[in-house]
Amino acid sequence: MDENLTQRELLAGFLRSRREMLRPEEAGIEPGPRRRTPGLRREEVAQLSGVSVTWYTWLEQGRKITVSGQVLEGLARALRLSAAERRHLYTLAGVALSDDVPQPAVVNPTLRALVETLDPNPAHVTNLCWDLLAYNEAYEKLVGGLDGLPDGQRNSIWLLFTRPSMRTLLVDWRREAKDILGQFRTAVGRYPNDPRVRELLDALTAASPDFVAMWSQHPVQAFTPATKRFQHPMAGPVAFNYAKLTVAEDDNQHLVVFLPASPTDARAMRELTVPGAAGSAP
């Protein structure tokens, strides 16, 4: 069987199944006494999504017709699709998924517990804007002063460009800043209308000429494993190899874990994070 035809049949079957599963009252439609079929009628889905009944019927019949992202958005709304179902709809239709605004970031409690159990290895969870959604004591001790910051400033990019101590804490500050901006630009390209992206860019533009200069160079960077070197005021020189893992239920969230590069670095972190240890980066 032709591969494209198979894809169209899969799309048709998926739409039919979701239409039949959706109760009229869930879509804001009065069921009425004469309804004989489960779920919504084709004409109801067409009306809710803003397309013609004929066109929607052809779509459910697996005919070779072209669909746009705008039409798919209308269908996703009409059928009350979840985020995962919406992605599947776009995949079956062969249309690239472009999200205008990401979903609010909620850290899974199990993931939050994992971050805490990684002590004394610094670890944190970020979103596409590098907001620090969760972090453990070791990361707080390494960077310092996170707990008292407002949510909008508890952000890796903001700290890099507005906190003077970061330039001495990170041995190669300029490389670190360029790398994170390159990854940030790549990530937020999918969400040009996200208000958090705009808020962060406006705040950084107003606060840091270095950010403006570096951002204007349009850095683009994929994540690559590397060694991060710190000159900590209490622990002294310490180096980490770090991993960045995508969170399965939200691919805009990432778990970042810093692993000491040597036994000496591991010992320095243990001494920094033992109960009662004082001092952190200013």
Screening R185, R154, R198 for residues that are touching a Leu at 6+ places or on another chain (Cβ under 7 Å) and farther than 21 Å from R229 by Cβ leaves only R154
Of the residues in the range 224-240, those that are among the small types (G, A, S) and either more than 30 Å from the chain's Cα centre (by Cα) or not assigned by TED's automatic domain parsing to the domain that holds L170 (or both) come to A235, G236
When restricted to H218, H254, the only residue exposed (fewer than 12 other Cβ atoms within 10 Å of the Cβ), assigned by TED's automatic domain parsing to the domain that holds D172 and not in a helix (DSSP H, G or I) is H218
Given (1) over 17 Å from P122 (Cα atoms); (2) part of a strand (DSSP E or B), L259 misses just (1)
Inside the range 150-168, the number of residues satisfying the requirement of being within 15 Å of C129 (Cβ to Cβ) and part of a loop (DSSP other than H, G, I, E, B) is 2
For the range 163-176, pairs from a residue that is in the same structural domain as A207 (by TED's automatic domain parsing) to a residue that is in a loop (DSSP other than H, G, I, E, B), with Cβ under 6 Å and 6 or more apart or across chains, are S165/A281; S165/P282; L169/A281
Checking A134, A138 in turn, the sole residue that is of a type in the set (A, V, I, L, M), more than 20 Å from Q231 (Cβ to Cβ) and either in contact with a Ser or Thr (Cβ under 8 Å, 6 or more places away or on another chain) or outside any helix (DSSP H, G or I) (or both) turns out to be A134
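The values are calculated or read from the model by the stated rules, or taken from the named source; none is laboratory data. None of these values were measured; they are calculated from a predicted model. Glycine gets a Cβ as well: all are built from the backbone with ideal geometry, and neighbour counts include every protein chain shown.
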